[in-house]
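Quick notes on the structure that follows.
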C-alpha cells in the first residue's frame, strides 16, 4: 500500500485530494494532528514515513516543505506555483507529449499545473507543436473560473449572505497582465510573446472555461475548422482525461464539468475566426484531479485511476 501525506489538507485542493484518496484501497493516507500541522518536526516525521507527499500550500510554504523533504525518499507533487518553471521539476500535464508523460513517471518532483494555465496550454501547445501557429503569434485568452479557485477566503466572501452586490456579477482581475500562471504558460508553450490574459471569477462554485480567439490570418497555412479539430483529436488520441468534441458549440456553461476530473475541448467559429475553448473543473483537471493523475502515472497505474470522468 502506498503511503501518502497531504501537506495543506485543509485547503480546497487538499480537501478534494483527501476525499479522492480516502476511497482508494491502494492508498494509506497519513494524517497529522491539526494542532501540530505547522510544526516542522512533526511534518518531517510524516514525510519520512511517506512514499508520496502532496503540497497544497502557498508558494513560500511549499518551498519550505521541499527543504524538509530533501533528505528523504519521498516523491513530491506540488500544486502551488512555486516550482512550475523550476529546473529538476517535471511539469504535470502528461497529455501534452510523450516526453511530459515519461518525465512524470520517473520524477521525484512534479509540479502540478495551474487551473488557468491548464486551459490555455491544452489549446495552444498542440497548435504550436504541429506548426499551425508560430511561437511569436499575438495571442489572447479569456478564462472564466468558479470562485473556489480563490481558496477559503474567496469562498467565504462569495458565500456570505450579506456580501457586496457586485459579487453577483463576473469579476475581471489581474488587470496589470501579471497573473501568476503566465510564466508556466510561456514556458510550456515556448511562446516568444506573452499573451494577453484575462481571468474572470464568476458567481458559481466550481468550473472553468478558457477561451482563445484565433483569426485565420494567424495560421501558418489554410485550414478549415474541421481540420483544426482533427489536429486536436490526433494530439489527444486515446487520452482518457481529455475529450475533443465533434461538433461546434452554440453556447457553453462553465460549470458543466463541476465535480469531475476530465476536460473537454471545443473548436467553434466560422471561416474567418476560430474560438478554441477548454472546459473543466478548476478543482479537478485544474488542481486535485491533475495532481492525482500525476500520482497514478508515478505509481505505474492507469492515469484515470480513482478519478471521476464523464
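The values are calculated or read from the model by the stated rules, or taken from the named source; none is laboratory data. All values reported here derive from a predicted model rather than from experimental measurement. Quick reminder, even Gly has a Cβ in these numbers, built from the backbone with ideal geometry, and neighbours come from all protein chains shown.
Some notes on this structure:
- Only one of the listed residues (304, 272, 230, 264) is at pLDDT below 95 and not assigned by TED's automatic domain parsing to the domain that holds residue 97. That residue is 272.
- Test: residue in segment 11-21 that is more than 17 Å from residue 112 (Cα to Cα), touching a residue at least 40 places away in the same chain (Cβ under 8 Å) and surrounded by 15 or more Cβ atoms within 10 Å (Cβ to Cβ): no
- Every test in (1) within 26 Å of residue 98 (Cβ to Cβ); (2) in contact with a strand residue (DSSP E or B) (Cβ under 8 Å, 6 or more places away or on another chain); (3) outside any loop (DSSP other than H, G, I, E, B) is passed by residue 275 save one, and that test is (1).
- Filter pass, residue 105 being surrounded by fewer than 23 Cβ atoms within 10 Å (Cβ to Cβ), in contact (Cβ under 8 Å) with a residue 12 or more places away in the chain, assigned by TED's automatic domain parsing to the domain that holds residue 78 and outside any strand (DSSP E or B): yes
- Qualifying residue in segment 47-55 (condition: in a loop (DSSP other than H, G, I, E, B), out of contact with any helix residue (DSSP H, G or I) (no Cβ under 7 Å at 6 or more places or on another chain) and either modelled with pLDDT of 95 or more or at positive phi (or both)): yes
- Answer from 255, 220 - the residue that is in contact with a strand residue (DSSP E or B) (Cβ under 8 Å, 6 or more places away or on another chain) and either within 27 Å of residue 56 (Cα to Cα) or part of a loop (DSSP other than H, G, I, E, B) (or both): 255
- Filter pass, residue 167 being over 19 Å from residue 196 (Cα atoms) and not in a strand (DSSP E or B): yes
- Exactly one residue out of 113, 138, 126 is crowded, with 20+ Cβ neighbours inside 10 Å and in a loop (DSSP other than H, G, I, E, B), and it is 113.
- Of residues in segment 174-217 being assigned to a helix (DSSP H, G or I) and touching a helix residue (DSSP H, G or I) at 6+ places or on another chain (Cβ under 7 Å), the one surrounded by the most Cβ atoms within 10 Å (Cβ to Cβ): 185
- Any hit, segment 89-101, residues being at pLDDT 95 or above and surrounded by fewer than 14 Cβ atoms within 10 Å (Cβ to Cβ): yes
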